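K.L.:
Below is a structure I'd like to ask you about.
The values are calculated or read from the model by the stated rules, or taken from the named source; none is laboratory data. Quick caveat: nothing in here was measured; it's all calculated off a predicted structure. Using ideal geometry, Cβ is built from the backbone for each residue, glycine included, and neighbour counts are taken over all protein chains shown.
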Amino acid sequence: MKLNRFKGNPILSPNPGNDWESLVATNPGAWYDDNTGEVYLLYRTAGNDDEHRTYFGLAKSKDGYHFDRLFPDPVFGPSKDGFDAGCVEDPRVIKMGDWFFITYASRPYPPGKYWLYDKREYKSPVFPGEFPSVFRNNHTVTGLAMTKDFKTFIRAGRLTNASVDNRDVILFPEKINGKYFMLHRPMDWVGKEYGTEFPAMWISSSDDILCFPDGKILAKAKYPWEKKIGGNTPPIRTEAGWLTIYHAVGPDGFYRLGAMLLDLNDPSVVLHRTPDWILQPEEDYELNGFYKGVVFPCGKVVINDTLFVYYGGADKYVGVATCSLTELLDHLAKCPA
C-alpha cells in the first residue's frame with residue numbers, strides 16, 4: 001500500500017514575488033471546509049534573510065490539488081519578544097466548535113541558515129552562567145494559537161516545557177472520555193529511563209488544553225526503515241480507530257511515512273501500524289532542498305473516499321499524495337500493532 005503523488009507536484013513553491021516566502025514554502029497544515037467544499041493550507045514560509053525567520057501563509061483550493069495564495073502578507077508570524085520570537089513552523093490545524101486550534105513549533109531566537117553550517121547558523125546570545133542551557137541551545141517548544149477566521153489570532157501560550165526540545169505536537173480534534181489528548185516527540189527523552197533508544201512518539205491527556213503531563217510512549221522505532229519517529233498529521237476519527245500519519249527518520253537519514261490506527265476510546269493503544277513505509281523521498285523536490293530526502297506532512301483531509309496528504313518536500317516545497325481511505329483502512333486492518 002503506497003500513497004500516490006500528484007503529477008503536478010510541487011503544488012506550492014517559493015514565491016520570489018514576496019520576500020517572506022521567496023526561499024521556502026513547505027510543511028502545510030490542512031483542513032477541509034464542508035460548507036464550501038474548499039481545502040485550505042496553512043504553510044510554513046521563509047525569505048532569504050540570514051536569520052531565517054519563518055512565517056505562515058494561507059492558500060485555498062477548490063479541488064484539493066491546485067492552490068491560490070490568499071494574501072500578500074503572512075497570516076501569522078513570530079511574536080515580538082515571546083517564546084516564539086525566533087520562528088513559527090510546522091502548523092497542525094484542528095477545529096473544535098467555532099475555533100481552529102493550531103499547534104506550531106517555535107524557538108525564542110531564529111535558527112539561522114541551518115543547512116549552510118557556517119557563520120550564518122544560529123548563535124545564542126550571551127547569558128549569565130546560572131541560566132539553564134535551554135537558552136543557549138535555542139530549544140524548540142510548541143505553541144498554541146487559536147483563530148476563527150485566520151485573520152486575527154490568540155497566542156494561547158506554550159504547550160510544552162521550555163527545558164525539553166519537544167515538537168511534532170498534535171492535538172486530537174475532540175475530547176475523549178472528557179479529556180484532551182496530545183501527541184508529541186521529546187527529542188531528549190531517550191535511554192533506559194525512558195524505555196526507548198531513539199526519540200519516539202508520546203501521548204498525553206489532560207483536563208486542561210494548556211497543561212499536559214509527561215504521558216507515556218505511544219510508539220517507537222520497530223522496523224528497519226525506522227530510527228527516530230514522530231507524529232505528523234492530526235488524527236481523524238474513523239470507524240476502525242483514530243487514523244494518523246507518522247514519519248520515521250531511517251538509518252540513511254531519509255524521512256519516510258507510515259500510518260497507524262489508535263483505539264477510539266483509549267488512543268494510547270496502537271491497534272494497527274504499517275510495517276512498511278507508504279511514501280518515501282524519490283522526486284527532485286523531495287531529494288534536493290534545504291533538508292535533503294524529506295517528505296513531511298502536517299495535514300490531511302478526506303474528500304469523499306480520497307485521503308489527501310499534504311507534505312513538505314526537502315524543507316522547501318509542498319506536495320500532495322493521495323489514496324483511497326477505504327483501501328488504507330483495509331490494509332491497516334491486516335497489519336500488526
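K.L.:
Inspect region 247-262 for any residue being over 17 Å from the mean Cα position of the chain (by Cα) and within 29 Å of Ser205 (Cβ to Cβ) and give the result as yes or no.
P.N.:
Yes: region 247-262 contains one or more residues that are over 17 Å from the mean Cα position of the chain (by Cα) and within 29 Å of Ser205 (Cβ to Cβ).
K.L.:
Got at least one residue in region 24-33 being of a type outside the set (Val, Ile, Thr) and at pLDDT below 95?
P.N.:
The answer is no; no qualifying residue exists.
Every residue, every condition in (1) touching a helix residue (DSSP H, G or I) at 6+ places or on another chain (Cβ under 9 Å); (2) farther than 23 Å from Gly231 by Cα, yes or no:
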{"position": "Asn15", "(1), (2)": "yes, yes"}
{"position": "Asp34", "(1), (2)": "no, yes"}
{"position": "Lys60", "(1), (2)": "no, yes"}
{"position": "Phe83", "(1), (2)": "no, no"}
{"position": "Pro91", "(1), (2)": "no, no"}
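K.L.:
Run down Ala59, Ala46 and say which single residue is under 21 Å from Ala321 (Cβ atoms) and buried (at least 18 other Cβ atoms within 10 Å of the Cβ). Please lay out each step first, then the result.
P.N.:
Working: Ala46 fails: under 21 Å from Ala321 (Cβ atoms).
Ala59 is the lone residue from the list that is under 21 Å from Ala321 (Cβ atoms) and buried (at least 18 other Cβ atoms within 10 Å of the Cβ).
K.L.:
Looking only at region 135-149, which residues are in contact with a Lys or Arg (Cβ under 9 Å, 6 or more places away or on another chain) and not in a strand (DSSP E or B)? Break it down stepwise before answering.
P.N.:
Taking region 135-149 and keeping what is in contact with a Lys or Arg (Cβ under 9 Å, 6 or more places away or on another chain), we get 138-146.
If the condition is that a residue be in contact with a Lys or Arg (Cβ under 9 Å, 6 or more places away or on another chain) and not in a strand (DSSP E or B), then Asn138, His139, Thr140 are the ones that fit.
K.L.:
Strands (runs of 3 or more DSSP E) wholly in region 150-266 with at least 2 residues that are at pLDDT below 95 - which ones?
P.N.:
Correct list: 154-158, 166-171.
K.L.:
Can you tell me which residues in region 64-83 are part of a loop (DSSP other than H, G, I, E, B) and touching a residue at least 24 places away in the same chain (Cβ under 8 Å)?
P.N.:
Taking region 64-83 and keeping what is part of a loop (DSSP other than H, G, I, E, B), we get 64-66, 70-75, 77-83.
Answer for region 64-83, where residues must be part of a loop (DSSP other than H, G, I, E, B) and touching a residue at least 24 places away in the same chain (Cβ under 8 Å): Gly64, Tyr65, His66, Pro72, Asp73, Pro74, Val75, Gly77, Pro78, Ser79, Gly82, Phe83.
K.L.:
Tell me the residue from Cys298, Cys211 that is buried (at least 23 other Cβ atoms within 10 Å of the Cβ) and either among the small types (Gly, Ala, Ser) or under 20 Å from His184 (Cβ atoms) (or both), please. Spell out how you get there, then give the answer.
P.N.:
Working: Cys211 fails: buried (at least 23 other Cβ atoms within 10 Å of the Cβ).
Every option except Cys298 fails the conditions.
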